[in-house]
Structures are given as structure tokens and as C-alpha cells.
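A quick write-up on the structure given underneath.
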Amino acid sequence: MGKVVFYGAISLDGYLADSNDNLQWLFDTDLAGVSTYESFAEKVATVVMGRVTYDEVLKLLQEESLYPNKQKIVFSRTRTGEIHEGYFTSEDPVKVIGDLKNQVKDYIWIVGGGNLLTQLMKADLLDEYWIQIAPVLLGSGKRLFPTGNYQQRLTFVATTQMGELVELHYRKKMT
């Protein structure tokens, strides 16, 4: 059975991106040559994101391939069809991810936050979180955790320092 995981960076005040979906603040953060991304990515079978995140990631990558050798599912109300190694869907994310958990053995990576992440948290589908915190205050933008009804207790796993970033790793608390 696959695990649904979040892996991503936020500002110290909890934003994934500024008000213009810009991530320059993250690229200006010095990692001092340390990263957990490569070992994390080896465990990922499927990458899941919303359409806005998909479009922004494509802009950042320019000519590079988007998460090569990974299935990609992009939730969109307006787009349909296939993309390289994946597809757009307007289906219910809770159903899609619930079904996917039973089909894959590795990680199902939720990229980005907002509405998609909130729906999955409300349905108690997230198993683990890797949250990197950058030493920057944005003041406004897109929050990782919008207001919602998804209260839950997590279990601390580890902390990793990557230059200026601090990564917190949490797992769903088993009851």
C-alpha cells in the first residue's frame, strides 16, 4: 500500500508562495550543499498536484523534464487529457488518491498545498509530512495550511538542517 506524503518548503510565516505564485524567496535560500530531495524522490511513484502548481513548476523547470519516470496526476476543473507520464483529471481527489493508495507501493507525493492538500487532510489520507522552513517572512501569499476542519495529532520523526533551511518530518499518529 502506498503512502500519501507532503514534501515542500514554506516561509517562516507559513506561505508556499508569495501573492504572485513566486518562489524566488526559496531559490535565494542557501542549502549549503545539503538536500534530502534526492533520497525522498527515489521513493516516489506518483506526483499529484493542482493545475496552478503544475503550471508554475513547468515555468521554473523551463526545458527540464517534470519529475521524470514518475506518474503525474494534475487536478484541474478546466483542463483534460494526457501529459507526459500522466494526465489531468477533474475527479474527486479523495477518491482518486484513496484508490491510488491501494495501487502503488511507494510514495504518492502531494506537491503544493491549498485546496487539494486540505481535502486530503480532511479525509485523513496524508501519512507523512516533510516541511522545510526557510528564514524569510513573506507577509502574504499562498498558505500551506488554509483554514479548515482537519485537526489531527502527528508524531515527530526527525529534524534535518540543510544550510538555512530546517526540515521537519512528521508521521500520522497511529491510534
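The values are calculated or read from the model by the stated rules, or taken from the named source; none is laboratory data. The structure displayed is predicted, hence computed values, not measured ones. Glycine also receives a Cβ, built like all others from the backbone with ideal geometry; neighbour counts cover every protein chain displayed. Ligands, DNA and RNA are stripped out before the accessible areas are found, and what is left, the full protein with its side chains, is counted by its heavy atoms. Shrake-Rupley method; radii C 1.70, N 1.55, O 1.52, S 1.80 Å.
Does Gly139 satisfy the condition of being in contact with a helix residue (DSSP H, G or I) (Cβ under 9 Å, 6 or more places away or on another chain), open to solvent by 40 Å² or more (accessible area, probe 1.4 Å) and more than 23 Å from Lys43 (Cβ to Cβ)? No. Checked against (1) buried (at least 20 other Cβ atoms within 10 Å of the Cβ); (2) closer than 22 Å to Ala17 by Cα, Tyr107 meets all criteria but (2). Comparison of Thr46, Thr53 shows that the only residue that is part of a strand (DSSP E or B) and β-branched (Val, Ile, Thr) is Thr46.
Kindly check whether there is at least one residue in segment 23-30 that is within 23 Å of Gly114 (Cα to Cα), touching a strand residue (DSSP E or B) at 6+ places or on another chain (Cβ under 6 Å), in a loop (DSSP other than H, G, I, E, B) and among the aliphatic types (A, V, I, L, M). Yes - at least one qualifying residue is present in segment 23-30.
Need at least 1 residues that are closer than 16 Å to Lys3 by Cβ, within 16 Å of the chain's Cα centre (by Cα) and at pLDDT 95 or above per element, so show me which strands (runs of 3 or more DSSP E) inside segment 63-175 make the cut, counting only ones lying wholly within it.
Values: elements: 71-75, 86-89, 107-110, 128-134, 154-162, 165-172.
Fully inside segment 63-175 and qualifying: 71-75, 107-110, 128-134, 165-172.
Restricting Phe75, Phe145 to those that are aromatic (Phe, Trp, Tyr) and open to solvent by less than 60 Å² (accessible area, probe 1.4 Å) reduces the list to Phe75.
Could you go through segment 119-134 and let me know if any residue there is touching a strand residue (DSSP E or B) at 6+ places or on another chain (Cβ under 9 Å), of a type in the set (Asp, Glu) and surrounded by fewer than 14 Cβ atoms within 10 Å (Cβ to Cβ). Scanning segment 119-134 turns up at least one residue that is touching a strand residue (DSSP E or B) at 6+ places or on another chain (Cβ under 9 Å), of a type in the set (Asp, Glu) and surrounded by fewer than 14 Cβ atoms within 10 Å (Cβ to Cβ).
For Ser90, the conditions (1) touching a residue at least 60 places away in the same chain (Cβ under 8 Å); (2) within 26 Å of Tyr15 (Cα to Cα) all hold with the exception of (1). Entry remark, segment 38-64: residues being of a type outside the set (A, V, I, L, M), out of contact with any Phe, Trp or Tyr (no Cβ under 8 Å at 6 or more places or on another chain) and open to solvent by 60 Å² or more (accessible area, probe 1.4 Å) number 7 in total.
Looking only at segment 148-159, decide whether some residue is touching a residue at least 12 places away in the same chain (Cβ under 8 Å), out of contact with any Lys or Arg (no Cβ under 7 Å at 6 or more places or on another chain) and on the phi > 0 side of the Ramachandran plot. Within segment 148-159 (the criterion being touching a residue at least 12 places away in the same chain (Cβ under 8 Å), out of contact with any Lys or Arg (no Cβ under 7 Å at 6 or more places or on another chain) and on the phi > 0 side of the Ramachandran plot), the answer is no, since none of the residues qualifies. Does Leu16 satisfy being closer than 19 Å to Leu168 by Cα, within 15 Å of the chain's Cα centre (by Cα) and not in a strand (DSSP E or B)? Answer is no for this residue. Of the residues making up segment 98-144, not one is hydroxyl-bearing (Ser, Thr, Tyr) and over 25 Å from Val166 (Cα atoms).
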